[in-house]
Every structure is written in structure tokens, then in C-alpha cells.
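Taken together, the values in this text are just the output of simple stated rules run on the coordinates, not laboratory data. Because the structure is a prediction, the values reported are computed rather than measured. All Cβ positions, glycine included, derive from the backbone under ideal geometry; neighbour counts span all protein chains shown.
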Amino acid sequence: MQAKETIAVHRGTIKDEMHGGILSPLFPSSSHKHLDMAEDVYPRHANLANQRAVAEKMCALESGGEAALVFSSGMAAFSTAMLSHLKSGDHIVLQNGVYSGALKFIQNHFSKLGITYSVSKSCDVESIIKCVNSNTRAIYIETPTNPLLKIIDIELLVSFAKSKGLFTFIDNTVATPINQNPLEYGVDLVLHSATKFLGGHGDVSGGVAVGSEESIALMTDYMNDFGGCLNAQSCHLLERSLRTLAIRMDKINRNAMELASRLNEHPNVTKVYYPGLPSHHNHKVAGEQMRGFGGMVSFEIAERFDATSFQRKLNLIIPSNSLGDLETTLNSPYQASSSFRSLSAEEQKKSGVTTQLIRMSVGI
């Protein structure tokens, strides 16, 4: 089996037959000849050469992927996955702590479509099982979660889901395919916000879905209608980034572990959330299903400090509303202009995010 570093560099690369270049050429055309052609090539059909290069590389990185689809954003991937796999009368269970943007989409649109949902009371398999009813068709999880880095036992959850014939979705953005491959545990569909660690340089917005040929074909039909495709130029940038994903994540994993350990010993830090720490609520499970613990570290500063003032006094670390870049960045999810702010006060309280929480995305 090839190493992730080798897969990241070589798999999916387009051969440059004209000039012999070793990188994938960029094919920016949005219009193609169609007379006497075997295929009608068009950006919205997800069949551009640069789109396919990213898809093939992601299938290889997410071990077990039969097919993949590249989107204009993580939310485009999520919304297309939901609407292509659920129908009126269906019920889905969401794990507590999933991305607030995903929860907001469901709150805004599912009732109009006749789809119902439940959110588990806590981030564990038992809590999810309690939400399953006779109409449940799917379960959606995220591990680690953002920003509290909650971990759920993927293998245990999938075992239950398969026994009930339930479809499983997972957001693998925070872990990345370098640290965790949910398809190996039987998850049906893996989603990523490629804007984060996959892109990794803060210069591309995208999303990716990886799963069976059947699921991806179903999503492709919906993407053709919704138009959430990613253009060739952005795909070219994303493929560039994926080539270094393995070595970037290796360094990021090590940096995050050291920062988490130091923060855990700091007198002005009251709590640290990081799966690599023995104090983490599910450290053992994280160690079993992850090869590395990722680049996100969240921590709470003492009450006498203001989160915004703290960020303004930093010299190297950049206050930013996103994550996954080469630079180390951070924000206060409670105060920042982020998707978390779209939740109601009650939802914010239930999430466990406090005014003292700082979410840090560790760089290289």
C-alpha cells in the first residue's frame, strides 16, 4: 500500500502530453466542442479534467472511496448530500456539536421539504441511538467537532447504523484524510470543506464528497441542478494543495500537540480541548481511529481576561474567521463574526461554547 505522501503527490495527476510537464496542466475552458465527442464536457457536469484530477486524488486519500465530487464550498457539498439522499417523510439524526452552518441549513429548509430531524443531547453513540425512530433514514456526525473537538466512536456508530439499515454521513474536515479515513469503518459518505486544511493556503474555497459510485452519481444529478460546481482554476489550486497535504498535516499535528501540552500547563488557561491530550474526554477512542490528532486546539482563558483584547495583543498568531491555513490563526467563536453567531442564545449555551473560549488553528 502506498504511503499517504506518495498518494498525495502522484494520484490523479493529469499527464501533460503536449509539453511533458510533471504537474497537471490547467484547462480553464468552460466551453467545449461537442459534435462527434464521446462526452459532453461542461463545468456543471463535474467532468472537467481538473475537477476529475481532484476527485481521483481525494478517492485515493480517503481510502475506500469509489468516486468523489468537487464543489464550490463545503456547504455546497453538505446541502447537495442532504437533498440528494433524503426525501419528504424521512428523518435524520444529527450528532450534538456538528457545524453550526450545517445545523442552520437544516433548520431553514427541512420543514419546507417535509424532512424531520433530531439533534442528540450529547456527543456519543448512545445519545444518537435514542433519537432514532421508525422514519429515521440517516445519521450525520462530525468528529472531531468544531470548535470543542468532541470525538465519537465511528466504528460503534456505523455498526449500529448498518444493523438498522441507516445511511451514514460524516464531516471529516477537521481530521483530514491524513489523520482519519471513515470509509474504512463503513461510513457511507465523507464530506469536507476543502477551504480548510485540504486547500491549506487560504486562497481557495471548495468542498468535496467521497463515497460509493451510486451516492456520487446521485449527488452529481443534484449538483447539475443546483450548480454548486468548482471552476477549473480553483480545482488546479486545490490539487496543488493536496500534493503537500500529508507533509503539512504531519508538521501541523506535531505543532498542535506541543501547543496543546503547553497550554494545558499554563496558569491563565482553565481548560484545553485537544484529542491528543490524555485529559480529553475520548482520548482513547481518538487514538484508535485517528493516526494524528489534527491541527485544531481550543482552550478557555481565565475569566479576568477578555477574549477580544487577548487576540489584539498577539504578535504572530493572526485573528481569523476561518481555519486550516499555513499560518497559525485563532478566534473566539462566541464573539467572532462566524457561523456560530447564527445560532440562537439557547443553542449557543447548549453547544458548550463560552465567552472565554479561543479556537486555534495551528499552522506549519
> Hey, if you put +1 on the Cβ of every Lys and Arg and -1 on every Asp and Glu Cβ in the chain, which of Thr355, Asn282, Gly114 ends up farthest toward the positive end of that dipole?
Replying inline: Thr355
> To the nearest 20 debye, what charge dipole does the range 247-361 have about its Cα centre, counting +1 at the Cβ of each Lys and Arg and -1 at the Cβ of each Asp and Glu?
Replying inline: 60 debye
>> Show me the trypsin sites (Lys or Arg not before Pro) within the range 1-62 that DSSP assigns to loop and that have at most 11 other Cβ atoms within 10 Å of their Cβ.
In response: Lys15, Lys33
> For Leu23, what charge total do you get from the other residues with a beta carbon under 10 Å from its beta carbon, if Lys and Arg give +1 and Asp and Glu give -1?
Replying inline: 0
> Among Glu142, Glu66, Glu239, which one moves the most in a GNM of the chain with springs linking Cα atoms closer than 10 Å?
Replying inline: Glu66
>> I'd like the orientation of helix 232-243 relative to the chain: the angle between its Cα long axis and the longest Cα principal axis, in ° from 0 to 90, rounded to 10.
In response: 60 degrees
>> With angles folded into 0 to 90 degrees, how steeply does helix 213-226 sit against the dominant principal axis of the chain? Use alpha carbons for both and round to 10.
In response: 90 degrees
> Hey, what do the phi angles of the range 276-292 turn into as Karplus ³J(HN,Hα) couplings, whole Hz, using 6.51/-1.76/1.60 and θ = phi - 60°, x for Gly and Pro?
Replying inline: x, 7, x, 6, 5, 4, 9, 4, 5, 5, 4, x, 7, 10, 10, 8, x
> For the Cα atoms of the chain, what angle does the longest principal axis make with the long axis of helix 245-264, in degrees from 0 to 90, nearest 10?
Replying inline: 10 degrees
> What dipole magnitude, in Debye to the nearest 20, does the chain give about its Cα centre under +1 on Lys/Arg Cβ and -1 on Asp/Glu Cβ?
Replying inline: 900 debye
> Once a ≥ b ≥ c are taken as the square roots of the eigenvalues of the Cα gyration tensor of the chain, is the result rounded (a/c under 1.5), prolate (a/b larger than b/c) or oblate (a/b not larger than b/c)?
Replying inline: oblate
>> I'd like to know which of His236, Ile92, Met223 lies farthest towards the positive end of the charge dipole of the range 4-243, counting +1 on Cβ of Lys and Arg and -1 on Cβ of Asp and Glu.
In response: Ile92
> Which FRET efficiency value, to the nearest 0.05, is calculated for Asp36 and His10 with the Förster distance at 45 angstrom and r the Cβ-Cβ distance?
Replying inline: 0.85
>> Pick from Ser309, Ser212, Ser29 the residue whose mean-square fluctuation is largest in a GNM of the chain, springs joining Cα atoms under 10 Å.
In response: Ser309
>> For Cα pairs less than 8 Å apart in space and 6+ apart in sequence, what is the mean separation divided by the residue count of the chain, i.e. the relative contact order in percent?
In response: 19 percent
> Which listed residue (Ser322, Phe310, Tyr334) has the Cα farthest towards the positive end of the charge dipole for the chain, taking +1 on Lys and Arg C-beta and -1 on Asp and Glu C-beta about the Cα centre?
Replying inline: Phe310
